[in-house]
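See below for the structure under consideration.
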Amino acid sequence: NMYRLKDTGQGLNRVQTCPRVSKSAHAILHRTQKAVGRWVGSAMIHMGDRNVPNALVFIDKYNQVASILNPVVRVLEFLDGLAVDSSKSKGVAGFVEQTFGGAECAKKLILADFFRSAFDGSGADNFFDAGSCIDGRLTSAWNWCSTVEKKPFFSVFLLSGFVGFNGGPEGFN
């Protein structure tokens, strides 16, 4: 397939249709929708348009899922470690207990905020472009990542060794 060099609003990109990748992505979506029964949000998959110009951009976006989830998982594991053996880090465990009501409450606060905000459709200005489509969910998740330092639980991220969503191995020192 030929490509067109086009300003997509994200800079100049090679816009190229990708029918085989698109067909596979739609097949996966259909199987998932069938398995879960009820689908929330748009089922639009952008591919070869101004939102996702080509298959490489699509693949790159989904390769970034680990950069988003790994740091969150590592913070949750850190909190699990505090809950199991608070004698290792009495000061940290005391801080978490006093500030959040314990490790379990801190985990619930983080997860509730993540699932409420990271998939809220804030990926674009309208429903079709990226607001709640599959690709837009990733944009929403990145939006959440960009504001994590303003969250009430950010101190727990820092205490766990978090340095960023792109820094160090899996975002940790």
If I ask for residues that are open to solvent by 50 Å² or more (accessible area, probe 1.4 Å), assigned to a helix (DSSP H, G or I) and out of contact with any Ser or Thr (no Cβ under 7 Å at 6 or more places or on another chain), which ones from region 71-87 would you list? VAL73, GLU77, ASP80, ALA83, VAL84
Right, ILE68: surrounded by 15 or more Cβ atoms within 10 Å (Cβ to Cβ), over 19 Å from LYS23 (Cβ atoms), in contact with a helix residue (DSSP H, G or I) (Cβ under 9 Å, 6 or more places away or on another chain) and in contact (Cβ under 8 Å) with a residue 24 or more places away in the chain or not? yes
All-but-one check, ASP135 against (1) part of a loop (DSSP other than H, G, I, E, B); (2) at pLDDT below 85, failing number (1)
Criterion: over 22 Å from ASP120 (Cβ atoms), part of a helix (DSSP H, G or I), at pLDDT 85 or above and of a type in the set (D, E, K, R) - qualifying residue of ARG20, ARG14: ARG20
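Taking region 1-26 only, how many residues are among the hydrophobic types (A, V, I, L, M, F, W, C) and open to solvent by 40 Å² or more (accessible area, probe 1.4 Å)?
Result for region 1-26: 4.
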Select from region 35-65 the residues that are open to solvent by less than 50 Å² (accessible area, probe 1.4 Å), in a helix (DSSP H, G or I) and either modelled with pLDDT of 85 or more or among the charged types (D, E, K, R) (or both) and list them in ascending order. LYS61
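The values are calculated or read from the model by the stated rules, or taken from the named source; none is laboratory data. Remember, it's a predicted structure, so these values are computed and weren't measured experimentally. Neighbour counts are summed over all protein chains in view; Cβ atoms, including those assigned to glycine, are modelled from backbone coordinates with ideal geometry. Just so you know, the surface numbers come from the protein's heavy atoms only, side chains and all, with ligands and any DNA or RNA stripped out. Shrake-Rupley method; radii C 1.70, N 1.55, O 1.52, S 1.80 Å.
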